[in-house]
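Chemist: What follows is a structure written as structure tokens; I'll ask about it next.
The values are calculated or read from the model by the stated rules, or taken from the named source; none is laboratory data. As the structure is a prediction and not an experimental result, all values here were calculated from the model. Quick reminder, even Gly has a Cβ in these numbers, built from the backbone with ideal geometry, and neighbours come from all protein chains shown. For accessibility, only protein heavy atoms count, side chains too; no ligands or nucleic acids. Shrake-Rupley method; radii C 1.70, N 1.55, O 1.52, S 1.80 Å.
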Amino acid sequence: QRIQARGMVMRNILAFSAGVQKTIYWQLPRIPLDGEARFHIMSLMYGKIGLLRFEKGALTYRYPAADTFERMSNVFRGLERVERIATADLSVFLFEALREGRASCYVLWERRDAFSGEDAPPIDFDLPWTSSGARVFDALGGTVPVTLKDNMLHLKVSLTPIFIERDER
């Protein structure tokens, strides 16, 4: 679930930064993997990537990736374009998402192996920051501790994409 959620955000931000204007998530319901369906080729290929569970025509469960998709969609509401920002640490992907009628936001993560990268500790990262505050959360819904000092936002970055929005409260 975590790999699916992280990958969904990463692939969308990379697509937007390459000029793609719209994306969709086509596999909304999960394919049941019980009975004869478990032998169906589509179940083998796509049975674990659905966002929702439907049973007897009703929505019965949202998988964690559905929450990530909703979180990402809210951040990208009004998206005009995404630009990659070069960083001194080449392992860090940093993007600025410019949004119509809203302040831009940032998305960043450290390039790591999708499986073993979870075990490595996060790295320190500093982002120039001129706002009085920041709303920072990761793709999985966790809060990310930050310190704002001397116009720099100090945070720890890992494999999980982090969203940073201006918070002027």
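Chemist: Condition check: aromatic (Phe, Trp, Tyr) and open to solvent by 40 Å² or more (accessible area, probe 1.4 Å). Does PHE137 satisfy that?
Modeler: For PHE137, the condition - aromatic (Phe, Trp, Tyr) and open to solvent by 40 Å² or more (accessible area, probe 1.4 Å) - is not met.
Chemist: Moving on. Tell me which residues, restricted to segment 117-128, are more than 19 Å from PRO145 (Cβ to Cβ) and open to solvent by less than 50 Å² (accessible area, probe 1.4 Å).
Modeler: Hit for segment 117-128 is GLY117, nothing else.
Chemist: Would you point out which residue out of ALA97, ALA103, ALA88, ALA114 is within 13 Å of VAL9 (Cβ to Cβ) and surrounded by fewer than 19 Cβ atoms within 10 Å (Cβ to Cβ)?
Modeler: It is ALA114.
Chemist: Now a separate question. THR147 is checked against (1) polar (S, T, N, Q); (2) open to solvent by less than 20 Å² (accessible area, probe 1.4 Å); (3) more than 18 Å from the chain's Cα centre (by Cα) and fails just one. What number does that condition carry?
Modeler: Exception for THR147: condition (2).
Chemist: What tally of residues in segment 77-107 results from selecting those that are more than 24 Å from SER132 (Cβ to Cβ) and among the aromatic types (Phe, Trp, Tyr)?
Modeler: Adding up the residues that qualify gives 1.
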